[in-house]
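These notes are about the structure you will find just below.
Nothing in this text is a laboratory measurement; each read-out follows from the coordinates by a stated rule. Owing to the predicted nature of the structure, the values given are computational and were not obtained by experimental measurement. Heads up, the Cβs are rebuilt from the backbone with ideal geometry, glycines too, and the neighbour counts pull from every protein chain shown.
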Amino acid sequence: MPRQARQHAESGVYHVLLRGVNRDAIFLEDEDREQFLHFLSLTKAASGCVVLAYCLMTNHVHLVVQTPGEPISSIMKRIGVRYVGWFNRKYDRVGHLYQNRFASLPVEDDTYLITLLRYVWSNPVEAGLVARPEDYPWCSRSPLRGDGRLVDTDILSQLVPEDVLAAPVDGRDATQSREPARRGRPTRHSDDQVTELLRRCSGAHNPQEFAALDAVDRQRVIRELRTRAATYEQIARATGLSVWQVRKIHVVTPD
């Protein structure tokens with residue numbers, strides 16, 4: 001089946017959604033989020049795109065960008081290729097990271113732009129991560145980021161009245177957007193599901209069988225479980241390791 005052509009935004013403003021394949025995690029640690037924002041910054045400098053908002057969740061990313069010249073597909077390719085390559089090298093994995101192509105929808109009127117911004121900012125609240133978007137450091141609503149060079153606040157304030165930008169945002173905004181690409185919370189597995197994932201990834205049915213694997217295979221399995229959004233605590237319970245051991249194996253290259 002041929003791929004559907006992307007809708008073109010006369011305004012140049014798009015809502016972009018990147019989602020992990022199988023809704024798996026695309027950010028495992030804060031360093032990963034920092035690196036994604038770094039690649040976004042490099043892409044902005046190279047393409048001249050305008051960043052109006054972003055929110056980095058565990059298994060997906062929301063971006064609101066304006067593209068004065070370069071097509072949105074080229075801009076997202078710049079970001080995607082860089083981040084996937086970096087992520088795969090860091091976690092010693094191969095293959096796709098994102099689910100299908102990124103989604104992009106044009107934003108053609110001011111009312112929708114305001115609704116969309118509030119929707120993007122409210123994602124961490126709706127997911128139960130924080131009480132206010134300002135408290136989530138990986139959302140452009142947060143003053144903790146201090147990244148005025150990344151978000152084009154001058155242009156944003158020209159598009160949206162200051163009183164609207166300053167108005168409180170809560171989780172209800174995530175359900176009030178007419179955005180059809182739905183939000184999707186990070187996958188939360190039960191301990192039994194993590195145990196089954198462990199069996200599928202390694203063939204180990206219990207901690208004793210996992211301990212019998214060599215160091216390379218143990219690290220490969222732990223990294224795979226992390227990309228499936230299993231927590232360090234769940235992996236520790238499934239493998240019989242301590243949380244500290246799981247974290248160490250996850251990030252240290254075996255001899």
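Below, the figures for the structure above:
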| item | result |
| --- | --- |
| Rounded to the nearest 20 debye, dipole of the range 36-169 from Cβ charges on Lys, Arg, Asp, Glu | 840 |
| Å³ per residue enclosed by the Cα convex hull of the range 191-251 | 65 |
| Per-selection metrics, the range 13-176 (Cα): Rg and Dmax in Å | 15.1, 47 |
| Neighbour-count order for Trp244, Trp121, fewest beta carbons within 10 angstrom listed first | Trp244, Trp121 |
| Amide H within-cut-off set for Val13, under 5 Å, with H built and near neighbours excluded | Thr67, Val107 |
| Contact order relative to length of the range 191-251, as percent, for alpha carbon pairs under 8 angstrom and 6 or more apart | 37 |
| Computed over the range 34-139: relative contact order in percent, which uses C-alpha pairs under 8 Å that are six or more apart | 27 |
| Burial ranking of peptide ranges 155-164, 106-115 (average Cβ count within 10 Å, highest at the top) | 106-115, 155-164 |
| Mean Cβ count within 10 Å, highest first, over the residues of peptides 39-52, 80-93, 22-35 | 39-52, 22-35, 80-93 |
